[in-house]
Amino acid sequence: MPTIAELGARYRSGETTPTQVVESYLQRIETLDPQVRAYLTLTRESALARAEATEKRLKAGKPLGPLDGVPLAIKDVICTKGVRTTCSSKILENFVPPYDATVMVRLNAAGAVMLGKTNMDEFAMGSSTENSAFFPTRNPWDLARVPGGSSGGSAAAVAAGLAAGALGSDTGGSIRQPAAFCGTVGVKPTYGRVSRYGLVAFASSLDQIGPFAADVRGAALLLQAIAGHDPLDSTSTDIPVPDYPAALGQGIQGLRVGIPSEYVIEGMDPEVGKAVSAAIEALKGLGAKTEKVSLPTTNYALAAYYLIAPAEASSNLARYDGVKYGYRAAGGKDLIQMYGRTRAEGFGPEVKRRIMLGTYALSAGYYEAYYGKAQRVRTLVRRDFQQAFERVDVLACPTAPNVAFKLGEKEDPLQMYLCDVFTIPVNLAGLPGLSLPCGFTQSGLPIGLQLIGKPFDESTLLSAAYAYEQATPWHARAPALP
Ligand code: GLN
């Protein structure tokens, strides 16, 4: 499948048209998505109409931007005006937002074409997309395996060539981990880099929207379009957005790469360890200098996350009460019973678990011991990174300790939570992180390399990733779908 940059070049040269491309993607979705199940909702008609509009501009001699006519998949946690936005939850099954998220306004202005909304773990809670209330998505590299999560639909869509790029959201790893499992590039921007306006909130102090693409340049182009201050999100930061695609050619001569010694854990897949070590060697070969760094609080980060994220979720999800919008259970004899039934019937088991954990952690008498303590751990995690970044420019480590596992394999929630040990600290510290393919297991499953950067230094992550990508063959491989 063509990359995002290749599509633009083909449109400009007249080799193909946006309509032809969008039609071929819709056709591909029709044939292949019944196996992968990346999409929850398809927006055929508006996609074709948008493609036609781009075509008209092209014919009128207007210059095309890099995302004009580029077909994208959007995680179903991002509000799309007039298009059902479910968060893969029964409670929002028929919710149609009356407005677009800021990222959608920006993508639409850039001429991008949304093909549809993608499946995810309910309210972005999970690491496998099995927590979707509707159906699980499958990994295009092995249909018996999960695509990762929670943005599994978006990652699988890009990997299977069912979209040229995608948006996901990352609260604790939900862009990077599925990117690793599906062999795509995924970027979690710095907290505040991308507007969260119109992103259905899971844990507001951790959530960030970011791109998936088949290559680093595609991810850079998408990030360019969505990044930047938004008056509608007071946590978005008013710092100028650099030219990300322009940063790609810089090379990595002299780049200081830190290797966190704590990012080797018991039970880690040896093939992941090997591939990541080889990737670090490759970075050295390209001119980078590596050194060991220590992030001593790493061991406590997961526990702190599983207090902070559920605490914020319990508060954010209080709004789903059957009153203003979303599902309402029938038959309650009074308001309280209606609330209770609506939430009992509307939320799935993992969401209920998080609400209970969070409510408990915030309750009087426990607040200091749990939530307060977790916040202090968060400060230490952030300090660890600050100290490391006094000596190095980026950190390199595995994205996840394992590769894609079989559907149904991880029944114990704690086993599922462990998928994110290497990604969660990055969210707690608000830093940018990127995952890109760095090899395959013997059985042909993709392995992800994670690069972690200084706040608002996505450019260095992208240029390091690009240098590595151009020197290695991994991004050229595609899954062979029947
Ligand atoms: N898997 C983690 C969780 O379940 C992270 C999810 C995410 O980043 N949205 O909370």
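Condition (residue is more than 14 Å from the ligand (Cβ to nearest atom), acidic (Asp, Glu), over 18 Å from the mean Cα position of the chain (by Cα) and over 17 Å from ALA279 (Cβ atoms)) applied to the stretch 407-428: is it met by at least one residue? Yes, the stretch 407-428 contains at least one residue that is more than 14 Å from the ligand (Cβ to nearest atom), acidic (Asp, Glu), over 18 Å from the mean Cα position of the chain (by Cα) and over 17 Å from ALA279 (Cβ atoms).
Considering (1) under 20 Å from ASN119 (Cα atoms); (2) outside any strand (DSSP E or B); (3) not small (Gly, Ala, Ser), the lone condition that THR41 does not fulfil carries the number (2).
Taking each residue of the stretch 21-35 that is farther than 13 Å from LEU115 by Cα and looking for partners that are of a type outside the set (Gly, Ala, Ser) and open to solvent by 70 Å² or more (accessible area, probe 1.4 Å) with beta-carbon atoms closer than 9 Å, six or more apart or interchain, yields LEU32/PRO482; GLN35/ARG138; GLN35/PRO482.
ALA303 passes every criterion in (1) within 16 Å of the ligand (Cβ to nearest atom); (2) open to solvent by less than 30 Å² (accessible area, probe 1.4 Å) apart from (2). Filter the stretch 327-355 down to the residues that are under 16 Å from GLU122 (Cα atoms) and either within 16 Å of the ligand (Cβ to nearest atom) or modelled with pLDDT under 95 (or both) and list them by number. Once the filter is applied, which keeps residues that are under 16 Å from GLU122 (Cα atoms) and either within 16 Å of the ligand (Cβ to nearest atom) or modelled with pLDDT under 95 (or both), the stretch 327-355 yields PHE347, GLY348, PRO349, GLU350, VAL351, LYS352, ARG353, ARG354, ILE355.
Can you pull out the residues in the stretch 469-482 that are assigned to a loop (DSSP other than H, G, I, E, B) and either under 23 Å from LEU302 (Cβ atoms) or of a type outside the set (Ser, Thr, Tyr) (or both)? Give the derivation first.
Keep residues of the stretch 469-482 that are assigned to a loop (DSSP other than H, G, I, E, B), which gives 472-473, 477-482.
Selection gives PRO473, ARG477, ALA478, PRO479, ALA480, LEU481, PRO482.
Answer yes or no as to whether ALA400 is in contact with a strand residue (DSSP E or B) (Cβ under 9 Å, 6 or more places away or on another chain) and under 22 Å from ALA282 (Cα atoms). Give the derivation first.
Details: in contact with a strand residue (DSSP E or B) (Cβ under 9 Å, 6 or more places away or on another chain): yes; under 22 Å from ALA282 (Cα atoms): yes.
It is true that ALA400 is in contact with a strand residue (DSSP E or B) (Cβ under 9 Å, 6 or more places away or on another chain) and under 22 Å from ALA282 (Cα atoms).
Select from the stretch 169-184 the residues that are of a type outside the set (A, V, I, L, M) and more than 9 Å from the ligand (Cβ to nearest atom) and write down the one among them that is nearest to the chain's Cα centre (by Cα). Among those that are of a type outside the set (A, V, I, L, M) and more than 9 Å from the ligand (Cβ to nearest atom), it is PRO178. Any residue at all in the stretch 67-75 that's more than 24 Å from ALA478 (Cβ to Cβ) and of a type outside the set (S, T, N, Q)? Yes, the stretch 67-75 contains at least one residue that is more than 24 Å from ALA478 (Cβ to Cβ) and of a type outside the set (S, T, N, Q).
For residues that are outside any loop (DSSP other than H, G, I, E, B) and touching a Ser or Thr at 6+ places or on another chain (Cβ under 7 Å), scanning just the stretch 117-144, find the one that is surrounded by the most Cβ atoms within 10 Å (Cβ to Cβ). Don't jump to the end; show me each part of the working.
Here is the first cut: in the stretch 117-144, the residues outside any loop (DSSP other than H, G, I, E, B) are 117-118, 122-124, 139, 142.
Now drop any that are not touching a Ser or Thr at 6+ places or on another chain (Cβ under 7 Å), which leaves 117-118, 122-124.
Details: LYS117: 26, THR118: 34, GLU122: 29, PHE123: 29, ALA124: 30.
Among those residues, the one meeting the criterion is THR118.
Considering only residues in the stretch 437-468 that are assigned to a helix (DSSP H, G or I) and open to solvent by 10 Å² or more (accessible area, probe 1.4 Å), the one that is farthest from the ligand (Cβ to nearest atom) turns out to be ALA467.
When the test is whether a residue is at pLDDT below 95, within 16 Å of the ligand (Cβ to nearest atom) and either open to solvent by 10 Å² or more (accessible area, probe 1.4 Å) or not basic (Lys, Arg) (or both), LEU434 does not pass it. Annotation note: Cβ proximity below 6 Å between a residue of the stretch 114-127 that is farther than 12 Å from GLY168 by Cα and a residue that is more than 8 Å from the ligand (Cβ to nearest atom) and assigned to a strand (DSSP E or B) (sequence gap 6+ or interchain) occurs for MET114/LEU72; MET114/ILE74; LEU115/PRO71; LEU115/ALA73; GLY116/TYR39; GLY116/THR41; GLY116/LEU42. Against the list (1) within 12 Å of the ligand (Cβ to nearest atom); (2) within 27 Å of TYR466 (Cβ to Cβ), the condition ALA124 fails is (2).
The number of residues in the stretch 86-100 being surrounded by 19 or more Cβ atoms within 10 Å (Cβ to Cβ), more than 16 Å from the ligand (Cβ to nearest atom) and within 23 Å of SER236 (Cα to Cα) comes to 2. Here SER154 does not fit the description of being of a type in the set (Gly, Ala, Ser), within 17 Å of the chain's Cα centre (by Cα), buried (at least 24 other Cβ atoms within 10 Å of the Cβ) and in a loop (DSSP other than H, G, I, E, B).
Here's the yes/no breakdown for (1) of a type in the set (Ser, Thr, Tyr); (2) surrounded by 18 or more Cβ atoms within 10 Å (Cβ to Cβ); (3) within 16 Å of the ligand (Cβ to nearest atom):
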residue	(1), (2), (3)
GLY273	no, no, no
THR297	yes, yes, no
SER314	yes, yes, yes
LEU357	no, yes, yes
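Could you tell me whether VAL377 is assigned to a loop (DSSP other than H, G, I, E, B), of a type in the set (Val, Ile, Thr) and at pLDDT 95 or above? Break it down stepwise before answering.
Numbers: assigned to a loop (DSSP other than H, G, I, E, B): no; of a type in the set (Val, Ile, Thr): yes; at pLDDT 95 or above: yes.
When the stated conditions are applied, VAL377 does not pass them.
Of all the listed residues (THR235, THR190), the sole one being open to solvent by less than 10 Å² (accessible area, probe 1.4 Å) and either over 11 Å from the mean Cα position of the chain (by Cα) or away from the ligand (no atom under 16 Å from the Cβ) (or both) is THR190.
At negative phi, away from the ligand (no atom under 13 Å from the Cβ) and surrounded by 24 or more Cβ atoms within 10 Å (Cβ to Cβ): is that true of GLY165 in this structure? First the steps, then the outcome.
Values: at negative phi: yes; away from the ligand (no atom under 13 Å from the Cβ): yes; surrounded by 24 or more Cβ atoms within 10 Å (Cβ to Cβ): yes.
For GLY165, the condition - at negative phi, away from the ligand (no atom under 13 Å from the Cβ) and surrounded by 24 or more Cβ atoms within 10 Å (Cβ to Cβ) - is met.
Where residues in the stretch 49-67 are in contact (Cβ under 8 Å) with a residue 60 or more places away in the chain and over 23 Å from GLY186 (Cβ atoms), which of them is surrounded by the most Cβ atoms within 10 Å (Cβ to Cβ)? Per the stated criteria, the residue is ALA51.
For the stretch 1-20, name all the residues that are closer than 20 Å to ALA155 by Cα, touching a residue at least 12 places away in the same chain (Cβ under 8 Å) and over 22 Å from the mean Cα position of the chain (by Cα). Talk me through it step by step, then tell me what you get.
Kept after step one, since they are closer than 20 Å to ALA155 by Cα, are these residues of the stretch 1-20: 1-7.
Imposing the further condition that a residue be touching a residue at least 12 places away in the same chain (Cβ under 8 Å) reduces the set to 1-5, 7.
Matches in the stretch 1-20: LEU7 only.
Within the stretch 110-136, the residues that satisfy the criterion of being under 22 Å from ILE4 (Cβ atoms), more than 13 Å from the chain's Cα centre (by Cα) and not basic (Lys, Arg) are ALA110, GLY111, ALA112, VAL113, MET114, LEU115, GLY116.
The values are calculated or read from the model by the stated rules, or taken from the named source; none is laboratory data. Quantities reported herein were computed from a predicted structural model and do not represent experimental measurements. Quick reminder, even Gly has a Cβ in these numbers, built from the backbone with ideal geometry, and neighbours come from all protein chains shown. Just the protein is used for accessible areas: all its heavy atoms, side chains included, with ligands, DNA and RNA removed. Shrake-Rupley method; radii C 1.70, N 1.55, O 1.52, S 1.80 Å.
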